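S.K.: So that we are looking at the same thing, I have put the structure below in structure tokens.
Values in this text are rule-based calculations from the coordinates and carry no lab data. From a predicted model like this one, the values you see are computed outputs, not experimental measurements. Don't worry about glycine lacking a Cβ; one is built from the backbone with ideal geometry, like all the others, and counts go over all protein chains shown.
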Amino acid sequence: MSSKISPKSAVTHRGANRPLRGLRRLLVFAAVACSPLVWAAKPAELNLYSARHYQTDEALYNDFTKSTGIKINRIEASDNALIERLKSEGAKSPADVILLVDAARLWRAETDGLFQPIKSEYLDARIPANLRSQVLPEGVKWFGFSTRARVIVYNKARIQASDVDTYEKLAEPQNKGQVCTRSGSHPYMLSLVGAMIDRVGVPATEVWARGMVANMARAPRGGDTDQITAVASGECGVALTNSYYFVRMLRSKKAEDQALIAKLGFIWPNQQTSGTHINIAGGGVAKNAPHPEAAKKFLEYLASDAAQAYFADGNNEWPVVTSVKVENEGLAKLGDFKVENVSVAAMGRNQVEAQKILDRARFK
Amino acid sequence: MHRVVALIALLLSLPLLGLFIPFFQTQDGSAAVDLGAQGTLLHLWKFVLGDYLVSTFVLLTGVGVGIFILGVGNAWLVANYQFPGKRIFEWALILPLAIPTYVMAYLFVDVLQFSGPLQTLLRQVLGVETLWFFPDPRSLGGAMWSFSFCLYPYVYLIARTAFLDRSARLSEAAETLGYSGMQAFYRLVLPMARPAIFAGMALALMEVLADYGAVSYFGVETFATGIFKAWLSFSDRLAAVQLSLGLLVFVGFIFYIEQSNRARLRYASSGVIQRAVLPKTLLGRRAFWAFACCGLTLLCAFIVPALALLKLLWQQGLSIDVRYAKWLTNSFWLACVTALISVACAVALAYAARLTKSRTLVWVNRLLGLGYALPGAVLSVGILSLLGLVEAAWIMSATSLVLIYAYLIRFLSSSLQSVETGLSRITPSMDGTAALLGATPFQTMRDIHFPLLKRSLLTAGLFVFVDVMKELPATLLLRPFNFDTLAVATYQLAADERLAELALPSLTIVLAGLVPVIVLSRAMSASKRY
């Protein structure tokens, strides 16, 4: 077809108004697409940035979608990765809800302006004041949804409970060559040390850190579960670990896990003194959330009885809502404990100082 | 042609330039408790950086020796001799490439630790309580072994290609001049294969430098530990970037030394007819030793880890997560697309340098290849800074293009090294002859270079494919919604300390990487020699 079709000739030349016919089709399509009918049928969505890395959370999210019809789009990464990404995404970030698993990181995210304050009577009523950010006129920025404790486990055959029942005693000379921990740079350890700085000050904490290093059976490595297995196998006599890993092993039906647990003693540290250090997993609504209503609904869901029970039963953490009945035989076996009274802000503020102390003490 | 290449080079260098952006950003309000970059760096230097540098150096030396012996030794045996099992070893020795370093680290420790099968067996056999002489696998030494077993395929593959492509005339000339086999190897073959061996070792050692997950599992603190400490514990992005740039400068310096050392040497053999080396048949004891060498390498580097994975899987019970198919397709798709684009870019860049003979372009290629030494997370910070500057970071959540872009930069080195090594073995006089006979550069490329380069191109594609399958840090940071890969799934399970449960995704990564490894490596052995 070598004949040229000029715009003018198209109207009269090749049949009906070809270009105009296409345009008409487009307009009709656009009208249909924009009609309220189509938007009403579009399923609601929630964009979740979560640092929670627990398999058991799948059920949590599926239940939310089932009961509200809101689809959850997820990105899971470590706290720091998420914070970096959110900072770069800036005002156009598609994040609706941000969930983090460390108190110091929550503080960091709050200070970096990543949360927006929301007003929710439901959340204010159910979540204790010390487990959420401070109340501002515009609302509350983030809420804790579950807690976990940093506890001490020891080898019953080698160590007396009275020698290791506080964090401070782990650094004392009688425990030389007995202590195992994970790397000091891990957020859980940094928060512990940050809380200690708040309680007793920098010099005393540095003395403790040096004492810990002197008492180590081996250089820090591995995760919290590795510390538990190291104590059971006799590589060391005592270790710091996270409560939910211990409880997971406690509840495990596997014979080798049961054999392991049988060798171990468990201690709530500092019960007679300052109380056991706890860390918070929680989150809030993102600053520029495109779906703020759905975000608020999701946070309220996390504080509901069903979700709180998931945290307890599924991941062996403690729910923040006190009225929820915990059906976890492992947690029940460990019983109640006195909680340390250190604010999240203190843990967050002291993180840099904590890392500096650990570096000076050569706590790897 | 040159404009296209310049564009490609610019696009690929943007994130590296993006690393400089934090220099110009002011600290936000929380600076009240931060030290500022000077404070962080000073603190690190005063207390820990010296130790990190020492252990990094020791680790690199150890791994360098390990991969040289394993890679060059096996490549030599397989390329030049005929012995029982050689046909299998030829492609099987590449298999460890499919195992990610963090999985290898975990398996290595699992098999060799106090409560692992080897020590338990030895204790039973010897009837003792503890094996005082058995070293702890979770140490610097253990890290060296683990990385050597995991990364020697880089050297093996490239060295083997170099040895295979070598002309028989060289060896014959050496024989007539009275060199024994070993002398010919040391004096002639090894120096001729130097660019190839250096390329392979550079790839492997840069991967060690960039690694964070596996080294921290061994409890070893390297320079990457310092970078992450500055970034995560001190929340000081600027200091982390400065340390990373220092790392890149160091790596660039090494490349510069190597480049200037061989500036005057030529590696393409002239001579009209290239005849391939016929493998010599080994008999008796020599055949046994050759078999034992290759067999032992394969056993330690692949068979034992694979069996350990299978055993974990068996203990765990086979329960396939419903999301596996999605993870697998995501990983595969990303790997294929990135491999194709990466090889294309590498060819374009390498050719531009060759055709224009421009030293600038050679250096641009070097610089672009440095991305391999950067921890994936740091490179991602560069990309994030860049996107943040133009307020386009939200793209990441909608599409995986940003992720592919990150992979391209991160892994350009693997494809560039392979392609450049292949190109360096084609004499410039061939180009001259073709030009004399009236061929355009494009025709030369298509009809002459391409068949000669096929093996290098396959190697390049293979490296990138397997690297992308295993890649973790950049994927975690830059992926869109609901887009998990096998590596991400493995990480989630490991982060949750469900180490037994990550057997299946780990095995899947290995298997998924194995298929192209085997296919391509057999294609490489089968392709006609020239």
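S.K.: Could you work out, for chain A, what percent of all Cα-Cα pairs fall into each 10 Å distance bin, beginning at 0 Å and stopping at the bin that holds the largest distance?
M.R.: Reading upward from the zero bin: 5, 21, 27, 20, 11, 5, 4, 4, 3, 1, 0.
S.K.: Right, another one. State, in angstrom, two size descriptors of region B:116-200 derived from its alpha carbons: Rg to one decimal place and Dmax to the nearest whole number.
M.R.: In order Rg, Dmax, the Cα atoms of region B:116-200 give 20.8, 60 Å.
S.K.: Using alpha-carbon positions, what is the distance between the centroids of region A:152-173 and region B:383-407, in Å?
M.R.: Cα centres, region A:152-173 to region B:383-407: 49 Å.
S.K.: Counting only other chains, what is the mean number of Cβ atoms within 10 angstrom of the Cβ of each residue in peptide A:112-120?
M.R.: Neighbouring Cβ atoms belonging to other protein chains average 1 per residue here.
S.K.: Add -39500 (n - 2.57) for each DSSP H run of 4 or more in chain B, then divide by its residues: what number comes out at 222 nm, to the nearest 500 deg cm²/dmol?
M.R.: Mean residue ellipticity, 222 nm, calculated: -21500 deg cm²/dmol.
S.K.: Largest first and in whole Å, what are the equivalent-ellipsoid semi-axes of region B:40-192 based on the Cα gyration tensor, each being the root of 5 times an eigenvalue?
M.R.: One finds semi-axes of 36, 24, 15 Å for region B:40-192.
S.K.: How crowded by other chains is B:379-391, given as the mean number of beta carbons from other chains within 10 Å of each beta carbon?
M.R.: Shielding by partners across B:379-391 averages 3.
S.K.: For region B:441-505, just run the numbers: alpha carbon Rg, then divide by 2.2 N^0.38 Å, N being how many residues it has.
M.R.: For region B:441-505, the normalised Cα radius of gyration is 1.73.
S.K.: With N set to the residue count of region A:291-364, report its C-alpha Rg divided by 2.2 N^0.38 Å to two decimal places.
M.R.: After normalising by residue count via 2.2 N^0.38 Å, the value is 1.56.
S.K.: With equal scatterers on the alpha carbons only and no solvent term, can you work out the Debye log10 of I(q)/I(0) for region A:144-190 at 0.30 1/Å?
M.R.: For the requested q values the scattering log ratios are -1.27.
S.K.: Provide the net charge surrounding A:SER274, with neighbours chosen by a C-beta distance below 11 Å and charges set as Lys +1, Arg +1, Asp -1, Glu -1.
M.R.: Result for the local shell: -1.
S.K.: Hey, another quick one. For region A:88-163, what is the largest minus smallest coordinate of the Cα atoms on each principal axis, given in angstrom and ordered from greatest to least?
M.R.: 57, 33, 17
S.K.: Taking only C-alpha pairs under 8 Å that are 6+ residues apart, what is the relative contact order of region A:203-266 in percent?
M.R.: Computed over region A:203-266, the figure is 25 percent.
S.K.: Taking the Cα of A:ARG158, stepping 7 Å toward and past its beta carbon, and measuring to each backbone N in region A:339-364: which are under 20 Å?
M.R.: Under 20 Å, as judged by backbone N against the label point of A:ARG158, lie A:364 of region A:339-364.
S.K.: On to the next question. Under the rule of at least 5 residues apart or a separate chain, name every residue whose amide H is placed under 5 Å from the amide H of B:ASP211.
M.R.: Hits under the 5 Å cutoff: none.
S.K.: Can you compute the modelled spin-label distance between B:VAL128 and B:VAL58, with each label point 7 Å from Cα toward Cβ, in nm?
M.R.: 2.4 nm
S.K.: Could you list which residues have their amide H under 5 Å from that of A:PHE145, counting only those 5 or more apart in sequence or on another chain, with H placed in the peptide plane?
M.R.: Those qualifying (amide H under 5 Å, at least 5 residues apart or on another chain) are A:ALA281, A:GLY282, A:GLY283.
S.K.: A further question follows. Debye calculation, C-alpha points only, no solvent: report log10 I(q)/I(0) for region B:318-440 at q = 0.14, 0.23 Å⁻¹, in the same order as the q values.
M.R.: Debye intensities relative to I(0), on a log10 scale: -0.77, -1.32.
S.K.: Around B:LYS280, which amide H atoms from residues at least 5 apart in sequence, or from another chain, sit under 5 Å from its own amide H, with H modelled in the peptide plane?
M.R.: B:TYR81, B:GLN82
S.K.: Separate question: Explain nothing, just the number: dipole magnitude of the protein assembly as shown about its Cα centre with +1 on each Lys and Arg Cβ and -1 on each Asp and Glu Cβ, in debye rounded to the nearest 20.
M.R.: 3500 debye
S.K.: Shifting gears a bit: Taking a ≥ b ≥ c as the square roots of the Cα gyration tensor eigenvalues, with a/c under 1.5 meaning rounded and otherwise prolate when a/b beats b/c, else oblate, which class fits region A:217-364?
M.R.: The shape class here is oblate.
S.K.: Count charges around A:ILE70 for me, please; just the other residues with Cβ under 9 Å from its Cβ, Lys/Arg as +1, Asp/Glu as -1.
M.R.: Taking every Cβ under 9 Å from that of A:ILE70, the sum is +1.
S.K.: If you count, for every residue in A:195-207, the Cβ atoms of partner chains within 10 Å of its Cβ, what is the mean?
M.R.: The per-residue average across the peptide is 0.
S.K.: Also: What does DSSP give for chain A in terms of the percent of beta bridges that are antiparallel, rounded to the nearest 5?
M.R.: Percentage antiparallel, nearest 5: 65.
S.K.: Hey, another quick one. Round to the nearest 0.05 the FRET efficiency obtained for B:SER260 and B:HIS2 when R0 = 22 Å and r is the Cβ-Cβ distance.
M.R.: According to the calculation, E is roughly 0.30.
S.K.: Apply the Karplus curve 6.51 cos²θ - 1.76 cosθ + 1.60, θ = phi - 60°, to the phi angles in region A:88-95 and return the couplings in whole Hz, x for Gly and Pro.
M.R.: Going residue by residue, I get 6, 5, x, 5, 8, 4, x, 5 Hz, with x marking Gly and Pro.
S.K.: Using each residue's phi in region A:325-330, evaluate 6.51 cos²θ - 1.76 cosθ + 1.60 at θ = phi - 60° and report the 3J(HN,Hα) Karplus result to the nearest Hz, with x for Gly and Pro.
M.R.: Going residue by residue, I get 7, 8, 9, 10, 5, x Hz, with x marking Gly and Pro.
S.K.: Bin width 5 Å, origin at 0, all Cα-Cα pairs of region B:391-498: what percent of pairs per bin?
M.R.: 2, 11, 16, 14, 12, 11, 9, 8, 7, 5, 3, 1, 1, 0
S.K.: Could you give the dipole magnitude of chain B about its Cα centre, charging the beta-carbon of Lys and Arg +1 and that of Asp and Glu -1, in debye to the nearest 20?
M.R.: In total the dipole reaches around 2140 debye.
S.K.: With Kirkwood's inverse mean 1/r over C-alpha pairs for Rh, give me the Rg to Rh ratio of the protein assembly as shown, two decimals please.
M.R.: 1.00
S.K.: Answer rounded, prolate or oblate for region B:163-253, using the Cα gyration tensor with square roots of eigenvalues a ≥ b ≥ c: rounded when a/c is under 1.5, else prolate when a/b is larger than b/c, else oblate.
M.R.: prolate
S.K.: Also, quick follow-up: For region B:203-266, what Kirkwood radius comes out of the mean inverse Cα-Cα distance, in Å?
M.R.: Value: 13.2 Å, from the Cα pair sum.
S.K.: Give me the Debye-computed log₁₀ of I(q)/I(0) at q = 0.10, 0.16 Å⁻¹ for region B:282-365, equal point scatterers on Cα only, no solvent, two decimals.
M.R.: -0.67, -0.86
S.K.: Any chance you could get the radius of gyration and Dmax over the Cα atoms of region A:46-199, in Å?
M.R.: 19.4, 59
S.K.: Can you list the lysines whose alpha carbon sits under 20 Å from that of B:LYS454, skipping same-chain ones fewer than 8 residues off?
M.R.: Here the lysines satisfying the reach criterion relative to B:LYS454 are B:LYS528.
S.K.: Name the shape class, rounded, prolate or oblate, that the alpha-carbon gyration tensor gives for region A:200-294, where a ≥ b ≥ c are the square roots of its eigenvalues, rounded holds for a/c under 1.5, and otherwise prolate holds if a/b is larger than b/c and oblate otherwise.
M.R.: oblate
S.K.: Determine, for A:VAL247, B:VAL54, B:VAL337, the number of other Cβ atoms within 10 Å of each Cβ, and report the residues in order from fewest to most.
M.R.: B:VAL54, B:VAL337, A:VAL247
S.K.: To continue, here is another question. Based only on the alpha carbon positions, what is the Kirkwood hydrodynamic radius of region B:152-214, in angstrom?
M.R.: Evaluated on region B:152-214, it is 13.0 Å.
S.K.: Oh, and also: So how tilted is helix A:18-34 from the main axis of chain A? Cα-based, degrees 0 to 90, rounded to 10.
M.R.: That helix lies at roughly 40 degrees to the long axis.
S.K.: At 7 Å along Cα-to-Cβ for each site, give me the label-to-label distance between A:ALA204 and A:THR68 in nm.
M.R.: Going from the A:ALA204 label point to the A:THR68 one covers 4.4 nm.
S.K.: Stick to the Cα atoms of chain B, pair each with every other, and give me the Kirkwood hydrodynamic radius in Å at one decimal.
M.R.: One over the average 1/r among Cα pairs gives 24.4 Å for chain B.
S.K.: Per residue of region B:282-297, in order, report the coupling 6.51 cos²θ - 1.76 cosθ + 1.60 (Karplus, θ = phi - 60°) as ³J(HN,Hα) in whole Hz, putting x for Gly and Pro.
M.R.: 9, 10, x, 5, 5, 4, 4, 5, 4, 4, 5, 4, 5, x, 5, 4
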